[in-house]
Each structure stands twice: as C-alpha cells, then as structure tokens.
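K.L.:
Okay, handing you the structure first.
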Amino acid sequence: KMRDGVEVEGYLTLPKQGKAPYPTIIHPHGGPGARDYGGFDYWTAYFSHKGYAVIRPNFRGSQGYGYSFSESQMKSWGLQMQDDLTDVTQWMLDEGYADPEKMCIVGASYGGYAALMATVKTPDMYQCAVSFAGVANLKDVVRRSRKFTNNEFVKNQFGDDYDDLEARSPYYHAEKIKTPVLLVHGNEDRVVDVEQSRDMAEELKDAGNSVKYVELDAGDHYLSIQRNRHEFFKAMDAFLSQHLD
C-alpha cells in the first residue's frame, strides 16, 4: 500500500542462501507502459543467485491494472510513480526483507531513469544505482522528438514545459547525487540515445560523484548481442559486489 492508499502489486524473489534481512535489489521495469510478470527473468535469476532479494514492483504507469492506472504515467515521470518505488523500498525494510545498509536500485530504459531519479529524490536510501540504457534528460528527449512523427505522443507523455522537464531530469541535478552510479549504454541504441548516458556521466564526473560509465560497441536497447550482455553483467557484478557484499 502506497502513501496515498493505492495498492501496487510486486514480485518478490528471495535467495536460497543467507537469511533476512538480505542485501536487496529494487528492480523497476522499463516502459514504463509495460509490466512485470511471475516466471523466469534472467536479471532476477542473476540477482538471487548472488544472494540478493529482488522486488519488481508494477508501480503506477504499469499496464494490466486498468486504464487510469496505466495513464497515470503521463507527465508524471519522477513524481508519484517515483514515490511508489520509494514506498516499495520502505515496505521491504518494514517487512524485514531488506538490509538498510545494502540496497541498490537497478533498472533499464525507464527503469534506468527511475534508478537515477531515486539518487536525486532519496539520496540516502540506496548504497548504489545502476542504469542501463536509461533516460537522464527529459528535456532533450522532447527536443529531439521534434524531428520525428511521434512528437505529439512524446509531448503528451513527458510534457513540454522545459522548466518542469528540467526539474524531473536527473541530468540537471547531478550535484545533489552522492550515490555511486553505474551507467551502461549501447552506442547504437535507437530507443534511448546513447548521449543520454554519455552526458549524465560527464555531469556526474564534473560534480565529483562516483560514477562508472561503460559503452557497449554495436549495442542496442535490448542487449541483443551476447558479448554485450556478458560485458554488462560483468560490470554490474563487480559494481554490486563492491557496494552490497
């Protein structure tokens, strides 16, 4: 149950080794107009094999829970749907599943945006954050969309008030971030431009933050090439081990 009484469904996976409270991964899905399901997920399988508890919430904006629930993502990135992730994390703590000193938020695409935004809105909650192919600058997405036929959809999804878009973009708040960040992006991503992560990495470095940036050669938005999948998971494994083990 979220702070305003709305109920959000999630999938909790606990590791076979160790005991609660566990080092924990908060793993928001991409989209955000998508949803998580039960069943096998290779990211979750990796996390649980490492001994981490994993929660995959279908926060507001997810599909499958009615029209108004899914439409609540419109012009709301970084707002209530972000607070849902904070409330889910607090639930993990309250229920005794999560170790408050060993929590990381990990996501791809929209999930990567949510991971970065968490380091802005809740700078003391997580020990690390991982963004794969994540959005960092909403204003830049809207500006670039002018060249494409989906321009009206993008403006409806994100809004077109540049001051508001800056307020909801991690890129413009790098100086507030103190959480170690891993950014990974394919240089041929056609869904979220690689400049999103390149620029975010530069801003974090300029602000003196702890950031590691990995760019995948010929990488797309879906880790389609096996060697890129291996490179990403190798980098993430080292990063999570550093901050959660």
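The values are calculated or read from the model by the stated rules, or taken from the named source; none is laboratory data. Quantities reported herein were computed from a predicted structural model and do not represent experimental measurements. Backbone-built Cβ (ideal geometry, glycine too); neighbour counts: all protein chains shown. In case anyone asks, the SASA skips ligands and DNA or RNA and just uses the protein heavy atoms, side chains included. Shrake-Rupley method; radii C 1.70, N 1.55, O 1.52, S 1.80 Å.
K.L.:
How many residues are closer than 22 Å to Asn156 by Cα, polar (S, T, N, Q) and surrounded by fewer than 20 Cβ atoms within 10 Å (Cβ to Cβ) if we restrict to the range 30-69?
P.N.:
Count: 2.
K.L.:
Right, next: Under 7 Å between Cβ atoms, which residue pairs at least 6 apart in sequence (or on different chains) link something in the range 97-111 that is under 26 Å from Ser169 (Cα atoms) with a partner that is among the hydroxyl-bearing types (Ser, Thr, Tyr)?
P.N.:
From the range 97-111, the pairs are Lys102/Thr24; Met103/Thr24; Met103/Thr89; Met103/Tyr126; Cys104/Tyr126; Ile105/Tyr126; Gly107/Ser131.
K.L.:
Looking at the range 115-233, what strands (runs of 3 or more DSSP E) fall wholly within it and have at least 3 residues that are among the acidic types (Asp, Glu) and more than 29 Å from Asp99 (Cβ to Cβ)?
P.N.:
Strands (runs of 3 or more DSSP E) meeting the threshold: none at all.
K.L.:
Okay, next question. Take the conditions β-branched (Val, Ile, Thr), under 27 Å from Ser72 (Cβ atoms) and at pLDDT below 95 and apply them to Val135. Does it pass?
P.N.:
Details: β-branched (Val, Ile, Thr): yes; under 27 Å from Ser72 (Cβ atoms): yes; at pLDDT below 95: no.
No, not satisfied.
K.L.:
If you take the residues of the range 1-29 that are in a loop (DSSP other than H, G, I, E, B) and β-branched (Val, Ile, Thr), which of them is surrounded by the most Cβ atoms within 10 Å (Cβ to Cβ)?
P.N.:
Val8
K.L.:
Also, I was wondering about something else. Kindly provide the set of residues from the range 78-98 that are open to solvent by 10 Å² or more (accessible area, probe 1.4 Å) and outside any helix (DSSP H, G or I), ordered by number.
P.N.:
Leu79, Glu95, Gly96, Tyr97
K.L.:
Checking Lys102 against (1) in a loop (DSSP other than H, G, I, E, B); (2) open to solvent by 50 Å² or more (accessible area, probe 1.4 Å), which single condition isn't satisfied?
P.N.:
For Lys102, the failing item is (1).
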